[in-house]
Each structure stands twice: as structure tokens, then as C-alpha cells.
Amino acid sequence: MTTSAYYVTPPPVGIGCLRHHERPVTDLSSSSNPIVEQVYRSRPPSASAILPLYNAYAAPRPSLIYFPNTTPPVTVFSVVQSNLLFLALSEVDTEPLLALEFIHRVVDVLEDFVGAPLLSTKIQANYDVVAQLLHEMCDAGIVCNTEPNALQEVVEMPGWMGKLLGGVGLPGSSTPILGQPSAMKQSAAAATQGPAIPWRKSGVRHTSNELYVDIIESLSVTMAPSGRLLSAMSSGTIAFTAKISGVPDLLLSLTAPGGQKALGRKLELPVFHPCVRLARWREHPGELSFVPPDGRFILAGYEVDLMPTDPTLDQPPSHMEKLFLPAIVDIRKSLGPTGSDFEVRLILNTNFPGYSSSNRPGVGRSGSGTSTPSFLGGGGGNSSAPVLEEVVVSVPIPKSVRNITDMQASRGEALFSPGNGVLEWRVPTKDAGTISGTATLRCTVVGHYADDELDDDVEELDADTNLLQGYYDASAA
């Protein structure tokens, strides 16, 4: 991937602006003026020329837009993060994942050096650091260094005391004395030799050695009205935090029902941090051998197909192959005396492999195992006893429905937004001491728009009404 410019600007949508030939990062909260602009090579269109073209697209804007009428024609890749717009421009065909991943790396690095959440004021106040980062991460349009640990070795971070002393001209200021090599030059000279481990800085020291592993999974399940599974996918991320002195060599083993071979078959499209030894993973699926970077990083990501059996196989799934979901949503329609009521039922599923009654929240020391399961669990959760911190149920409502009234929730709060056509039901665990395994929401539908009513509304529109008002300026046409 080659890039020529990089931007940071404050536009009105809360976005950062980065282009394939990298130009600016943009804050879309107020104006459309670039905050930072870094040109690497070539002469791509400026940020002020690209932003109006980008904002002309209706939200939500795609992450890849091609502008053939610019000089030269460019492809714009965009990412929105912390009310900032990042745009990357490319004059040649480029793999979109490469450009978008580079933008995400830039965001992560800026958060590490400037602080999270990433704000336009922080970027402007630390422009010297941001400029060094943009220069080190991409050279002549070629992405070269995106590891935070390696960047800490070459990027000079002036402290607040150094800035203060530098402002009054006292010794110890961030401004180097004539004839003495600056810390930036010294670090750059050391960087030319290349660190032994690119992703880990040298001389790491901690008062106490600590390791933290967080496995974050997102489930995407589609079910038919009958309850039959249509698709079920899990996207997982292994977040690792290492605070260990020296150069540790770690081994992390993943397990799954069926052993290591089953794990290798289940995990689809795994991605790893460069520190992971891929040869070890290929020989022993489930074993991650690596020398970690210092601090927090993403060790690996994966996808798992949760469908119990292959749809082409005519056989029922075994117990260990069944799909176990922490929560199940069931909707019942045409209730009440007039059939205008419907009920949303949220059920906590505790039927997990290895989930004994003694592990259930609310079970006393006697271990009777007869208590009602709860959304609110004591302590941390695991694969056998998951704990839900908050549940949000979104029910799409047809446009023909006038309104939703009489929203009665046994737990949490429900809110209907007619403009969005979505009924949102939030069930937080902090709402009560315990939340039973089944929560219900009952609502009433207030009339449907008849087809003739919709036609009449259209006919009553003034003949001079501009149906495209808001999409473009008619006066400029």
C-alpha cells in the first residue's frame, strides 16, 4: 500500500480524515477544517477539496468511495472514531483491508501517545508528537512502523516540565543545547540498528509482573419464527495485557470440546499479532507461543461457526454440538382482546456444558440447585457460567404502525422511537438486586396506516413540493 498524505480535521460529523495517500484526520463536530495534514508523496487533492465531496454522500457514508472527477482520481477510505474522521487517499488500486487497517493502527497509536478518548484538542496540543508519529508510521507512502513499543523508541515525548522550562529558556528544557545531540537524534541512531524484537522495546522493567487476558466474543444469530437456527457466528478477540520485566517467552493454550484437533477445525479465519509464532500454531492448533509487546495489545482474532451440524447432514446434533446461547428472545404477536398486543420475552439460558447447580448465582452453600437463574452473577463470568452485564433488545417496527403504547416491562425500561422505527428495551443488571431468568415486555400497537391513507397523504402534497429537499441545494441547480 502506498500513501501520499494524511489529515486530521474538525468536520461536522465527528470523524477523522485519513486518505490512501494520507492526508488529514478530521473532527466532524464543528467545522470542516483539517487539524493535521501530512503529505508523503505525489500531489493528491487537498483535504479542503475532498471533504465537500465526502460530505455530499448521505449518512451513513461507505468506508470506500471513488472520486473519478478529482485531479488525480482517488479512492477515499474512511473511519469514524471518537467524533473524528480519518481519511486515506489512494491514486492506485489498493486492497481496502490494508488501508482501513492502517487507519485503525493510526487511531490506536494516537490514543496510546495522546490519550483516550481521542479529541481534536489533544491532537492540536500535541502536534509535535503527532507529526513524529505520522512520519515514522509511513515513509514515502509505504507503511513501515505501526508498533507502539517500537514507536516509543524513536518518538520524542516532551514532558510538561520540559515544555515549561523550554518556554523560559532554563536548563533542562526540551530544546537541545547547541552542540549536544538531542534525544530524538539519539533514539533515531539507535533505531537504525534495529531492535532485537520489533514489537517490544528494550530494557522493560516493572515493579511487579502481571498478565491479563480478556476474551471478547460477539454473537450474530439469525433464527426463524419457529425457533429454528438459520445462522450463528461468533467473532472473538483475545486482548492481552503484559507487564513483565525483561524478555518473557509465553505459551497460551486454548481448549475446546473435542480437543485440539476440533479447535483447529472450529476456528475460522484466525488472525494473529506479529509476535505469535505461526509454525507452532500450525503444528499444535490451540497453542500460542509468543514474546509479547509491553502493555495492552490484541493477541489474536477469530471466527467460529456455531451451527450445530452441517445443514446437508441428515442427523440430529449431539449434546456437545448443540448451540448454547446466554440469552434467548421470543416474540408473541396478536395478543389481547383485539389482537393488537404483542409480548417480548427474554429468557436466560443456563443449560451450558459443565454448568453445575453449585455455580448458579443465588445458590447457597447448601447447593440445593433449585434457585432461579439470574442475570446478575457474583464475580466474573466464564464459558460455563456467563454473566450478562446489560441486555439491549431492539425490535424493528413496520412504518405502517402509528405508535406503540402501554409499554409494560417487568424489568428495565422500554423506549419507542417513531422516527427510527425501533423499539428498544434495556435490561441493566444494576436495575435490581437480582433479575429473574425470564423478563417480559408487553406493548400495544396503535392502529396501522391503511394503504389508501398512505396514498391520500401523497396526493395531498403540494405540487410545488420538492421531494428531494435536503439532498441537494435546488437554488444551485
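The values are calculated or read from the model by the stated rules, or taken from the named source; none is laboratory data. Because the structure is predicted, anything quoted here is derived from the model rather than measured. Neighbour counts are summed over all protein chains in view; Cβ atoms, including those assigned to glycine, are modelled from backbone coordinates with ideal geometry.
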>> Filter the stretch 257-294 down to the residues that are aromatic (Phe, Trp, Tyr) and out of contact with any Lys or Arg (no Cβ under 9 Å at 6 or more places or on another chain) and list them by number.
In response: Phe272, Trp281
> What number of residues within the stretch 247-256 are touching a Lys or Arg at 6+ places or on another chain (Cβ under 9 Å) and either loosely packed, with under 15 Cβ neighbours inside 10 Å or under 18 Å from Gly203 (Cα atoms) (or both)?
Replying inline: 2
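Applying the selection to the stretch 113-134, what residues are assigned to a helix (DSSP H, G or I) and touching a residue at least 60 places away in the same chain (Cβ under 8 Å)?
Within the stretch 113-134, Ser120, Ile123, Gln124, Tyr127, Val130, Ala131, Leu134 qualify.
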> Inside the stretch 257-270, can you point out the residues that are exposed (fewer than 15 other Cβ atoms within 10 Å of the Cβ) and within 22 Å of Ile216 (Cβ to Cβ)?
Replying inline: Pro257, Glu268, Leu269
> Out of the stretch 91-107, which residues are buried (at least 18 other Cβ atoms within 10 Å of the Cβ) and within 21 Å of Trp199 (Cα to Cα)?
Replying inline: Ala99, Leu100, Phe102, Ile103, Val106, Val107
> When only residues in the stretch 33-72 that are touching an Asp or Glu at 6+ places or on another chain (Cβ under 7 Å) and in a loop (DSSP other than H, G, I, E, B) count, which is surrounded by the fewest Cβ atoms within 10 Å (Cβ to Cβ)?
Replying inline: Pro72
> What single numbered condition from (1) surrounded by 15 or more Cβ atoms within 10 Å (Cβ to Cβ); (2) modelled with pLDDT under 85 fails to hold for Glu111?
Replying inline: (2)
> So which of Ile331, Ile298, Ile244, Ile238 ends up being at pLDDT 80 or above, of a type in the set (Val, Ile, Thr), outside the structural domain of Ala116 (by TED's automatic domain parsing) and under 30 Å from Val446 (Cβ atoms)?
Replying inline: Ile331
> Any residue at all in the stretch 238-246 that is among the polar types (S, T, N, Q), assigned to a loop (DSSP other than H, G, I, E, B) and closer than 30 Å to Arg205 by Cβ?
Replying inline: yes
> Under 7 Å by Cβ, and 6 or more places apart or on different chains, what pairs join a residue from the stretch 264-284 that is without any contact (Cβ under 8 Å) to a residue 24 or more places away in the chain with one that is among the hydroxyl-bearing types (Ser, Thr, Tyr)?
Replying inline: Arg277/Ser289; Arg280/Ser289
